[in-house]
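Colleague: Pasting a structure here, questions to come.
The values are calculated or read from the model by the stated rules, or taken from the named source; none is laboratory data. What you are looking at is a predicted structure, and each value in this text was computed from that prediction instead of being measured. Methodologically, a virtual Cβ is constructed for each residue, glycine included, from the backbone with ideal geometry; neighbour enumeration extends over all protein chains shown.
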Amino acid sequence: MPEDRIRYFDHSATTPTHPDVVAAMLPYFTEHFGNPSSLYGIAEESREAIARARSQVAAAIGATPEEIFFTAGGTESDNWAIKGIAHAHRDRGDHIITTAIEHHAVLHTCAFLEEQGFSVTYLPVDREGRVDPAAVRDAITDHTILVTVMTANNEVGTVQPIREIGAIAREHGIPFHTDAVQAIGNLELDVDEDNIDLLSLSGHKFYGPKGIGALYIKNGTKIANLIHGGGQERGRRAGTENLPGVVGLGAAIERACTDIPAHAARLAGLRDRLLAGIMEGIPDVTLNGHPTERLPGNINLSFGGIDGEALLTLLAMKGICASTGSACSSGSDAPSHVLLAIGTSPQRARASLRLTLGDLTADEDVDYLLALLPGAVEKLRRLSGAGA
Amino acid sequence: MQFTEKVMDHFENPRNVGVLEDANAVAEVGSKECGDTTTLYLKIRDNRIVDVRFRTLGCAAAIASSSMATELIKGKTLEEAWALTNTDVVEALGGLPEPKIHCSVLAEGAIREAINNYRRSQGLDPW
Ligand code: FES
């Protein structure tokens, strides 16, 4: 039976742009198209729109507008924060501290810096995916110039004790960067209270457009530029501004951060019901990540005796969009570095399923998935012999 | 991942799934790339594969390939079955996306290993 309604359980991958956000953006494609760098009236409107968006982003994370710089997304923000700090502080040292479970935007950037002679400590995490702040303290040397730890993990949803980690970095006078791409709109963040010097965020993870993000850089932080060219973004990030994108980012973050507790409570309610139903209906399942310190909409599971990608394919046939911890489908067959880092066996890591809930997830979608998943898992287990 | 209708059909309704209690040739092979496994059971009589079953822990492409391969070798002589390559299986499925080609190698490997196990059990040299 073909299923026409899409049941979307992949909000950590991306979210649809909210209609209100699209509406806010539209005039900036057509009417208010002036290049913000020009001198006439319609350029002034563009400048004002950018200033407004900058204030919206700043307000959402407790920063001031001058501390917000627009980028092309989370990946660019991570690259800028890490390479920018590394290059600006090389005279002080060449050591960076991060974790084994960061996003590839952070890990691959660190690996690139290693090729350039920097040294990087990849801190391990515990079975639930948490970084021990004491391990950060122990890893700091006289040469450490950056600590970068994500706020919440994109695969297993574990939330890190970033406030404590930031405090430790601050005590030592080391800049602290956090990749908050998955956290915005799901967790309340305040760059001052959380001791954050640099923070990456990305519009399409909270119902804003793709291709736009921001980097928060605390006033007074010494950082090299990543993108060179014109004098945009106060000379820090060249390139004609993505005006509609910037406007969309501002509108989206204001919307997403207006009532985080209510949003998080709704998602956590759906998540807990889904998780309880799965645990009850399917034998041999484990929850990956932290039982409580996790994103409100994240469930990451490993099943015995199946291949995660096969499960995804079965679910996709029934109109369900989800993802697996395995990178199999992207052509590389290595199991998820995050699942391996929390001690999951390679076999179990390949048998993982990530369900991320958000605005598109309705009660009936949870019911639908709960009705379908046990049968799908059982079917694959019969095929592999694990269910016999 | 875009699969052909044939692949989806064999994935959703795989043929010849299970264990053959009276098999006289069995092979279990795993993929180095991804760690997935296939077990193949053959019943061979008079140099001919008269019955076949499989079990696969793997992705949709691996399951569909195993299913298609069992269909292709049923009733064949051992020589004919040995000659079956993963390219034949992929062709019979109407193609597989590039990154999934390795999944079809499991089936080919299982067939050849089962045939050699059979030959050994008959006191013959493996091919
Ligand atoms: S990815 Fe392992 S068999 Fe296809």
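Colleague: If I ask for residues that are of a type in the set (Val, Ile, Thr) and within 19 Å of the chain's Cα centre (by Cα), which ones from the stretch A:76-96 would you list?
Modeller: Initially, the stretch A:76-96 is screened for residues of a type in the set (Val, Ile, Thr), giving A:82, A:85, A:96.
Passing the criteria: only A:ILE82.
Colleague: Can you tell me which residue among B:ARG53, B:ARG112, B:ARG45 is of a type in the set (D, E, K, R) and within 11 Å of chain A (Cβ to nearest Cβ)? Steps first, please.
Modeller: Values: B:ARG112 fails: within 11 Å of chain A (Cβ to nearest Cβ); B:ARG45 fails: within 11 Å of chain A (Cβ to nearest Cβ).
Residue meeting the stated conditions: B:ARG53.
Colleague: Counting only residues that are within 14 Å of chain B (Cβ to nearest Cβ), give me the strands (runs of 3 or more DSSP E) lying completely in the stretch A:269-378 with at least 2 of them. Working first, answer last.
Modeller: Details: elements: A:285-287, A:298-303, A:352-356.
Ranges flagged: A:298-303, A:352-356.
Colleague: Any idea which of (1) surrounded by 15 or more Cβ atoms within 10 Å (Cβ to Cβ); (2) more than 16 Å from the ligand (Cβ to nearest atom) is the one B:PRO14 doesn't satisfy?
Modeller: (2)
Colleague: Which residue is farthest from the other protein chains (Cβ to nearest Cβ), if the candidates are limited to the stretch B:59-72 and must be touching a Phe, Trp or Tyr at 6+ places or on another chain (Cβ under 9 Å) and more than 9 Å from the ligand (Cβ to nearest atom)?
Modeller: B:ALA69
Colleague: Where in the stretch A:1-93 are there helices (runs of 4 or more DSSP H), lying wholly inside it, with at least 1 residues that are surrounded by 15 or more Cβ atoms within 10 Å (Cβ to Cβ) and without any contact (Cβ under 8 Å) to a residue 24 or more places away in the chain?
Modeller: On the way: elements: A:19-25, A:41-61, A:74-88.
Helices (runs of 4 or more DSSP H) meeting the threshold: A:41-61.
Colleague: Here is a follow-up. For the stretch A:196-218, state whether one or more residues are among the small types (Gly, Ala, Ser) and farther than 30 Å from A:LEU357 by Cβ.
Modeller: The initial filter retains those residues of the stretch A:196-218 that are among the small types (Gly, Ala, Ser), namely A:200, A:202-203, A:208, A:211, A:213-214.
Narrowing the set further to residues that are farther than 30 Å from A:LEU357 by Cβ leaves none.
No, the stretch A:196-218 contains no residue that is among the small types (Gly, Ala, Ser) and farther than 30 Å from A:LEU357 by Cβ.
Colleague: May I pose another question? Is it the case, given these coordinates, that A:ALA224 is modelled with pLDDT of 95 or more, surrounded by fewer than 16 Cβ atoms within 10 Å (Cβ to Cβ), assigned by TED's automatic domain parsing to the domain that holds A:GLY34 and of a type in the set (A, V, I, L, M, F, W, C)? Full working, then the answer.
Modeller: Values: modelled with pLDDT of 95 or more: yes; surrounded by fewer than 16 Cβ atoms within 10 Å (Cβ to Cβ): yes; assigned by TED's automatic domain parsing to the domain that holds A:GLY34: yes; of a type in the set (A, V, I, L, M, F, W, C): yes.
When the stated conditions are applied, A:ALA224 passes them.
Colleague: Across the stretch B:73-115, which residue is surrounded by the fewest Cβ atoms within 10 Å (Cβ to Cβ) among those that are of a type in the set (Gly, Ala, Ser) and more than 16 Å from the ligand (Cβ to nearest atom)?
Modeller: Step by step, filter the stretch B:73-115, then rank; the result is B:ALA83.
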